[in-house]
Amino acid sequence: MSQMAETRPRLALSRDVLQAFYRLLAAALLCAALALASDAFLTLGNILNVLRQTALLFLMASGLTLVILTAGLDLSVGANIGLSACLAASVIQATGSAGLGVATGIGCGALIGICNGALVAWLRIPSFIATYGMMWMLTGVTYYYMAGETIHGFPPSFRQFGSGYLLGVPIPVYVMVLFLGIGTLFAQRTIWGQQIYALGANPEATRLSGVPVERRLLLVYTFSGAMAGLASLIILARINSAQGDIGEELTLPAIAAVLIGGTSLFGGSGSVSGTLIGALILTLVLNGMNLLQINASWQPLATGLIILLAVGIDTITRRTAP
Amino acid sequence: MSQIRTAALPALARVPGVAIVLVALLVGFSLAGPRFLTPANIANILMQSTVLILLALPMTLIIMTEGLDLSMGAVLTLASIALAMTVVATGSPALGFLAGLAVGLGFGLANGALVALIGIPPFIATLGTLGIAQGLALAVTDGQSVVGIPPSIERVYSGTLFAVPIPIIIGAAAYALGHLLLYHTRFGAAVFALGGNREALRLAGASDRAMLIVVYAVGGLMAGFGALLMTARMNSAHPTAGIGLEFDAIAAVAVGGTSFERGNGWLFGTLLGVVAVGVLRNGLNLLAVPSSAQVACIGALVILALFIDALRSRP
């Protein structure tokens, strides 16, 4: 705690709090507007649905938040989810063991993250292009591996993970709270977390002050990959089937959640808890479009606009208030 | 003597990469099956590479400015839909062509403005416009193909001029123009400076922002031209037809030896890169390798090219 107070001026901290407050206010206004616009919004079923979607989006985006904090980007999140889900699905089907499936999903995700991390940290390839190449490679491998087939029907013990409830709350929400805690504690209260912030703000100074920059980058990309693996398991358990395209169109929303949550693409500022608010806002927007029966084709357009809006505001405020 | 060697080195260090890849692919596929090395198939590869060259040329310029355009495939798709819908509605191929170009130019200008005026990092700005173009393409067509295109459009792909197929002429003209633009105009010099030394450009009195916008606008415009060829080839427009085309273009540029960080561009390398990607896809097709595995191969090729570039640039 004392370390945080030292490294961050009080003024900046209060501005962070203020910005989080604005975002929560936006989410609340969105809720109010949706409640007025649609009778279906404030039903228990829909609220649980929003919570479940938010949890899933947050889990995909939480690892990505750390990557973006280092001024990097992981474009392979969606493709990672696709391959991890398909491999986990075939392991579960072959062995009948949920535990092995979970290990496969998270292991596959983490392994992909390690590859990304190695490309970025040691070969110094710009992260957006390294993970972009990775994204297409993974997409190709997934489609090739699945060959148009669908794997479905998983044991109930595994399905609980995505569609089960505990005390009336969906289980993914508990997973979300767990990783919100872990992520926040790691980023704000550990030396490694602080080094990740420093790395994003000024890589050269961080390197010169003796931080093993390469190993921190590897950690961050591995974590992002592992979280994609975890998210893939929840998706798998929820929809009870795996197809080659299971991870398609998930990268854009994950990036949007991080950016709406106030984490800057330029590195060094933002938070995992902000990403939770970002995930909630994006989920509310997409849920609202569904409730208002707007064709789902408009969703990538809305997500794209939101990304540009969030980054545009961040860029302009940085330029005017350095 | 030593001066000559240092001057020749960068060129030599780049040439082998893409040339070796291309020769290896040509030899490999020729040995793998009898259907590869036939005049008809080689002509086929060149024909199929024409859309790609239209995208890869401006992509080279964009990457030279340390930028990226992830929206090209989606913009080409949307332009193709605009073209097809306009032709079907008005019956005028010229109006359709203009509609496609307008969509391309509009998105190119938007990308340029987001990058140059607002200062959004290019990969994220164009990721946003990718989402917008993809969403619009799906929404206006409701996921269906646009059909009923008059044969005059289709002849752009199948027709010949002086016994040379029209797409080949378009591709060659585009390359020649690109070469002139990059190596023989002040704009080209500005493109080199945008990546390597933006400050010098500003000090020399040129508007770096305007130049950057022009670079992205050219990219959008070329996507509009690509839409014409694509629509003519398929004789229809489909909202997912161009998905991932930007990846082939980026692959061609990366394999062709243009660097993502230092403003080093090489247009002829891109041309070879386009042929390499075309040969790879065609050869794998002949070996009945599914397109999914082709995508994985190109992904691996890109990572390999980046890997080699990274090793080379290490001090």
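Can you find even one residue in the stretch B:236-247 that is touching a Pro at 6+ places or on another chain (Cβ under 7 Å), within 14 Å of another protein chain (Cβ to nearest Cβ) and outside any helix (DSSP H, G or I)? The answer is no, given that none of the residues of the stretch B:236-247 is touching a Pro at 6+ places or on another chain (Cβ under 7 Å), within 14 Å of another protein chain (Cβ to nearest Cβ) and outside any helix (DSSP H, G or I).
Residue by residue, here is whether (1) among the basic types (Lys, Arg); (2) over 14 Å from residue A:242 (Cβ atoms); (3) surrounded by 20 or more Cβ atoms within 10 Å (Cβ to Cβ) holds:
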| position | (1), (2), (3) |
| --- | --- |
| A:101 | no, no, yes |
| A:117 | no, yes, yes |
| A:121 | no, yes, yes |
| A:124 | yes, yes, no |
| A:129 | no, yes, yes |
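When you go through B:214, B:253 one by one, which is the residue that is surrounded by 24 or more Cβ atoms within 10 Å (Cβ to Cβ) and of a type in the set (A, V, I, L, M, F, W, C)? I'd like the intermediate steps shown before the answer.
Details: B:214 fails: surrounded by 24 or more Cβ atoms within 10 Å (Cβ to Cβ).
After applying the criteria, what remains is B:253.
Would you tally the residues in the stretch B:61-92 being surrounded by 24 or more Cβ atoms within 10 Å (Cβ to Cβ) and part of a helix (DSSP H, G or I)? Matching residues across the stretch B:61-92 total 18.
Just to be sure before I move on: is residue A:279 over 21 Å from residue A:112 (Cβ atoms), surrounded by fewer than 22 Cβ atoms within 10 Å (Cβ to Cβ) and out of contact with any Lys or Arg (no Cβ under 8 Å at 6 or more places or on another chain) in the structure I sent? So residue A:279 does not fit the description; no.
For the subset of the stretch A:136-159 comprising residues that are among the hydroxyl-bearing types (Ser, Thr, Tyr) and assigned to a helix (DSSP H, G or I), which member is farthest from the other protein chains (Cβ to nearest Cβ)? That would be A:157.
Every condition in (1) buried (at least 17 other Cβ atoms within 10 Å of the Cβ); (2) at pLDDT 95 or above; (3) not charged (D, E, K, R) is met by residue A:71 except one, and the failing one is (2).
Per-residue answers, yes or no, for (1) more than 18 Å from the chain's Cα centre (by Cα); (2) of a type in the set (Phe, Trp, Tyr); (3) more than 8 Å from chain A (Cβ to nearest Cβ):
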residue	(1), (2), (3)
B:261	yes, no, no
B:265	no, no, yes
B:268	no, yes, yes
B:277	no, no, yes
B:282	no, no, yes
B:292	yes, no, no
B:296	yes, no, no
B:300	yes, no, no
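One residue is enough: does the stretch B:93-102 have a residue meeting the conditions within 20 Å of the chain's Cα centre (by Cα), surrounded by 24 or more Cβ atoms within 10 Å (Cβ to Cβ), more than 30 Å from residue B:35 (Cβ to Cβ) and in contact (Cβ under 8 Å) with a residue 24 or more places away in the chain? Among the residues of the stretch B:93-102, at least one is within 20 Å of the chain's Cα centre (by Cα), surrounded by 24 or more Cβ atoms within 10 Å (Cβ to Cβ), more than 30 Å from residue B:35 (Cβ to Cβ) and in contact (Cβ under 8 Å) with a residue 24 or more places away in the chain, which makes the answer yes. Against the numbered list (1) farther than 24 Å from residue A:302 by Cβ; (2) at pLDDT 90 or above, residue A:209 comes up short only at (2). Would you say residue A:107 is within 20 Å of the chain's Cα centre (by Cα) and either in a helix (DSSP H, G or I) or aromatic (Phe, Trp, Tyr) (or both)? Yes; evaluated as a whole, the condition is true for this residue.
For the structure I just gave you, tell me whether residue B:189 is surrounded by fewer than 22 Cβ atoms within 10 Å (Cβ to Cβ), assigned to a helix (DSSP H, G or I) and more than 14 Å from chain A (Cβ to nearest Cβ). Here the answer is yes, as residue B:189 does meet what is asked.
The values are calculated or read from the model by the stated rules, or taken from the named source; none is laboratory data. Keep in mind that this is a model prediction, so the values were computed, not measured. Cβ atoms come from the backbone with ideal geometry, glycine included; neighbour counts cover every protein chain shown.
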